[in-house]
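Below you'll find the structure, written out as structure tokens, and then a few comments.
The values are calculated or read from the model by the stated rules, or taken from the named source; none is laboratory data. Predicted model only: the values in this text are computed from it and were never measured. Don't worry about glycine lacking a Cβ; one is built from the backbone with ideal geometry, like all the others, and counts go over all protein chains shown.
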Amino acid sequence: MADAPAPAAARPQSGVGTWFDHHLYSFVSSLGRVFRRPWATALTIGVMAVALALPLGLWLVLDNVSRLSGDVQQSREIGVFLAPGTSPERMQALAAEVAAREDVAEATLRTPEQGLQDLRERGGLGEAIDGLEENPLPGLLVVIPAGDGASLAAALRELPEADLVQDDAEWRQRLEDWLRFAARLAWVLAALLGLGALLVVGNTVRLDIQSRREEIGVLQLLGATDGFIRRPFLYLGAWYGLAAGALALALLAAAGLALRAPLAELAASYGSSFALQGFGVPRALAILAGAGVLGWLGASVVTGHYLRQTRPTEA
């Protein structure tokens, strides 16, 4: 009877497979260490989340204010209040003359009667208006400039019929200056608080390293590479960062829900449909990724410093 063939020797695992197994083990084991100390983990994530939520909240406010200022910028109207006593015929002729200018995109006349009717319908002053003996409102010429509104406003002020010319160009410029300053402030706060979040992760990972220093020493004596030793701590920092980013987004979403209704009521009282908007899905994912990278960097700095100090020297 012929001998049975010997079983084939198991193939050694490739370097890529070993590398993948190490990463998978570090990924799972680091997540287990996060849940093993729930109170310490909650404190770390909470501090990081607050540090991340402050600049993110400021950016969110700036984004909404920028949307509102964009609507203001699109409304580049110049209001020309006509002098009392200007006849309706002269108002119509003046509107046609202004509309014919090359630097004017559109000119619309609002007669005193139209203004009084709008005030009656929108202002809720019907009874008070009925008690007036005569219409006190002046004619209003609404001009939309085709180019530079400053030179046009200066020319409109020279009209004999112009009693008051209202141009908000200076106010819009001030608003842009404030928005630029606030954006710079947001970047400064993000840098400072991001550094604080990085230090929080680094300190937490440092404590975890200290609790496992004997295990790390044994691995170093057995010839484990620095990458093999530091890998679980890097994933631990990334988990902290991701959880803190998610909590920061949740805090901002809760704040947005608390403010959305009263802000909508305030905007409606001014005849506006402005509504508070939060971060979209792409931005939220980018924030989570950035928070994870921040936690990874904090863990990387601490573990790298520790391993450089404890690496055994060759005789």
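Mind listing whichever residues of segment 182-223 are in a helix (DSSP H, G or I), small (G, A, S) and more than 30 Å from N64 (Cα to Cα)? Passing the criteria: G202, S211, G217. Filtering segment 141-169 to residues that are at pLDDT below 80, outside any helix (DSSP H, G or I) and under 11 Å from V104 (Cα atoms) leaves A146, G147, D148.
This table checks each residue for (1) under 12 Å from M48 (Cβ atoms); (2) in the same structural domain as R36 (by TED's automatic domain parsing); (3) among the aromatic types (F, W, Y); (4) at pLDDT 80 or above.
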position: F228; (1), (2), (3), (4): no, yes, yes, no
position: W239; (1), (2), (3), (4): yes, yes, yes, yes
position: L242; (1), (2), (3), (4): yes, yes, no, yes
position: L247; (1), (2), (3), (4): yes, yes, no, yes
position: A250; (1), (2), (3), (4): no, yes, no, yes
position: A254; (1), (2), (3), (4): no, yes, no, yes
position: P262; (1), (2), (3), (4): no, yes, no, yes
position: E265; (1), (2), (3), (4): no, yes, no, no
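Scanning segment 98-114 for residues that are part of a helix (DSSP H, G or I) and loosely packed, with under 14 Cβ neighbours inside 10 Å yields a total of 2.
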